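The structure appears right after this line, and notes come after that.
The values are calculated or read from the model by the stated rules, or taken from the named source; none is laboratory data. Keep in mind that what you see is a predicted model, and the values were worked out from it rather than measured. A quick note on method: Cβ atoms are made from the backbone with ideal geometry, for glycine too, and the neighbour counts reach across all protein chains shown. Surface accessibility is based on the protein's heavy atoms, side chains included, excluding ligands, DNA and RNA. Shrake-Rupley method; radii C 1.70, N 1.55, O 1.52, S 1.80 Å.
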Amino acid sequence: NVCPILRVGETRTVPANARAALPHYDAVIALSPDPALRAEAMRRGAWLRLELAQAQDQPNDPLLREAAALYERALKEAPDDAGNDRTLYQLSRVRQLLGDAPGASDALQQLCADHPASLLAGDAHFRSAELLFMQKRYAAASAQYTITVAQGAASAYFEPAQYKLAWALYLQERHGDALEQFLAIIERNLPAGALDDPQAALARVAPAHRESTADALHAA
């Protein structure tokens, strides 16, 4: 199953003054001659709209569309702004909440391409891969998963990325490449020593890795 990327529709508490702050940010956007200040005001105004939308039982489409428009405007008016990695990351969240998975993955891929040194890039590669996998764009998903796997075991996304990479390759009928990834999962997770009984072997695998290891054994 595809790992959830965002918790859509989660009710949360938003500070009481959040809505009151919106006109102030909008005034800065309208009146300030400083492009960097306007870009930051757009980001903050968009973020508040996103938070207000998610505070409801169901996301509020008008607020989300306003947030998306502000993020897109910030990118257009200040294309070289140092905070555009954050802008793209949040834009991907808004687009996903609006049901625009292709647009969400496009924003994440732009983040990775334009800001490879960003602290958000590792997360963006994995989230982009997940969105592409959900769209059954397995070749594009494979490319993003491969980048995450190449970051090594220190990455929090290494193991889920390798597992999903194996399946993305398998679904492209690249069975040899998929097998290489499945075998790596088996070798890492199964306890040392040959066991003739696969079920007994799986019983000794850590619960967090048991399902992925069972799938890898089945696929291999």
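Give the angle, between 0 and 90 degrees and rounded to the nearest 10, that separates the Cα long axis of helix 138-150 from the longest principal axis of the Cα atoms of the chain. With both axes taken from Cα atoms, the answer is about 80 degrees. Could you do me a favour and compute the accessible area per residue for region 121-183, 1.4 Å probe, result in Å²? With the other protein chains kept in place, region 121-183 gives 44 Å² per residue. Helix 84-97 and the long axis of the chain differ in direction by around 80°, with both axes built from C-alpha atoms.
Rolling a 1.4 Å probe across the protein heavy atoms gives region 51-98 an accessible surface of 45 Å² per residue. One chain, two ends: ASN17 and ASP80. Fully extended at 0.36 nm per residue, the span grows by 19.6 nm beyond their Cα-Cα distance. Rounded to the nearest 20, the size of the Cβ-charge dipole of region 122-194 about its Cα centre is 180 debye, with Lys and Arg at +1 and Asp and Glu at -1. Across region 76-96, the residues whose backbone nitrogen lies under 18 Å from the label position 7 Å along the beta-carbon direction of ASP34 are 77-84. Find out how many positive minus negative residues lie around ALA101, taking Lys and Arg as positive, Asp and Glu as negative, among other residues whose Cβ is under 14 Å from that of ALA101. Around ALA101, the charge tally is +2. Against the main long axis of the alpha-carbon atoms of the chain, helix 61-77 sits at an angle near 80°.
With each label modelled as a point 7 angstrom along the Cα→C-beta vector, the GLN199-ALA113 pair spans 5.1 nm.
Heavy-atom accessible area with a 1.4 Å probe sorts MET42, MET134, largest first, into MET134, MET42.
Computed over protein heavy atoms with a 1.4 Å probe, the carbon and sulfur contribution to the accessible area of the chain reaches 55%. Decide, for region 16-58, between rounded, prolate and oblate: order the square roots of the alpha carbon gyration tensor eigenvalues as a ≥ b ≥ c, take rounded if a/c falls under 1.5, and otherwise choose prolate if a/b is larger than b/c, else oblate. Since a/c reaches 1.5 and a/b is larger than b/c, the shape of region 16-58 is classed as prolate.
A 1.4 Å probe over all protein chains sorts VAL149, VAL94 by accessible area into VAL149, VAL94, starting with the largest.
Here ASP26 sits with roughly 60 square angstrom of accessible surface, probe radius 1.4 Å. Other residues whose C-beta falls under 12 angstrom from the C-beta of LEU119 contribute a net charge of -1, scoring Lys and Arg +1 and Asp and Glu -1. Taking square-rooted eigenvalues a ≥ b ≥ c of the alpha carbon gyration tensor, is the chain rounded, prolate or oblate, where a/c under 1.5 means rounded and, failing that, a/b exceeding b/c means prolate? Taking the square roots of the gyration eigenvalues as a ≥ b ≥ c, the chain is prolate. Legend: residues TYR163, TYR170, TYR71, sorted from most to least accessible area (1.4 Å probe; ligands, DNA and RNA excluded), read TYR170, TYR163, TYR71. Note on ARG204: accessible area approximately 140 square angstrom, rounded to 10, probe 1.4 Å, nucleic acids and ligands left out.
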